[in-house]
Structure formats: structure tokens, C-alpha cells
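Student: Have a look at this one before I ask anything.
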Amino acid sequence: GLLIVELVLGFFVYYHRETIVDALSGGTPSVVEQVLPVVPVSMVPIDQSVQYEILDGKRATISGKMIAIRDGQTILTQNNTLVRLPDESRDCPSDGFQQIVSKGVYFTVEQQTCDRTHFINEYTTFLYDPSDTSIVLYRFGRQYINRNDPDKDITEKVLTSQDFGVVPFDKLDLSTLY
């Protein structure tokens, strides 16, 4: 059978497909899908990778703290420190990397970290220039959610290229944006 892994709302869903020949239908093969256990993304072992289709057929491959942007087998660029791991600081139950969302020539890495008093949802958006295949930081947004009182108003901060200049994908260090 064929094993398919899908990422849906922060969860891996495993489908196992088998072709079964139904004797009653004259031997016509049919596909049966079985949904296997759902595993939160934060529980995927660091040594495994996850792929997202972005930028008109390009792929983002996440493995540990690294994201590589590929066009076929060619790596266009990569960043070895961009991905947040779950509970990275060991004193906060943050989820770490959550997903990548893509639209047109932009893609956003969505992840969570925290400080002593807040969960911090990060939205790191990149711009792809097809004329030279460069990828640069476009926007960095943070939402602060109070860990002790999640119903409190959410504080948001947004930085743009006017704040940080031109930052190539492979040179981005998130700590410089705080």
C-alpha cells in the first residue's frame, strides 16, 4: 500500500491506502483509506522532516531547526536557526514551529515561543523575487498572550523592512528582531 502523510491544522494525519479487488464488482480495483493515529507536530521527532509546497511549486523542508527552500532537488537557500522547537527554553510549554502558509510570492513561518510571562506567537513573512530567486525577510509580527491570564488583551508588535532593512533568508537570526 501507499503511505501518505498530511499536515492538517498542526497535526500529522497518516493515511494508509490499499487497493482492494472487489469480486462482486467484476474485479474492479477500489482504494480504501485508513486514517491512522494523529500526532501533534510538536511531537514529531527532530530527526524527521516535514515539507510544505510554497511559491508556485517550490518546497520548504523543515528538519530540526533548519528550513531549506528547494526548487526540485536544488536548494535555493536555507536557514539553520529559524525553526523554534517545542519548549526550547525549558521553562515554558510553548509549541514551537506550527506551520508555513504561502500566498503568491510570500510565505509565512508561524511558530510559538515564550518568555517568563507571555506566550509569543511569531509570524515571520518572506518575499520571494522570481527574477533572481532571492528570498528576503518582509515582515515580522509577534502576538503576546499573558500566560497567567490568557483572556487579557493581546499585545501585537509588527516590524517591516523599514525597521530591519534587507535581511536575506539565510542570514535571519530571530533574536535580532526582539
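What follows draws every value from the coordinates through simple rules; no lab data is involved. All values derive from a computational prediction rather than experimental measurement. So basically every Cβ, Gly included, is an ideal-geometry build from the backbone, and we count neighbours across all protein chains shown.
Student: Take the residues of region 160-178 that are of a type outside the set (A, V, I, L, M) and under 20 Å from I75 (Cβ atoms): which is surrounded by the fewest Cβ atoms within 10 Å (Cβ to Cβ)?
Tutor: Once the filter is applied, the top-ranked residue is D173.
Student: Could I ask something else about it? Among residues belonging to region 80-112 that are closer than 14 Å to L174 by Cβ and over 13 Å from the mean Cα position of the chain (by Cα), point out the one that is surrounded by the most Cβ atoms within 10 Å (Cβ to Cβ).
Tutor: Only one residue tops the list, namely S94.
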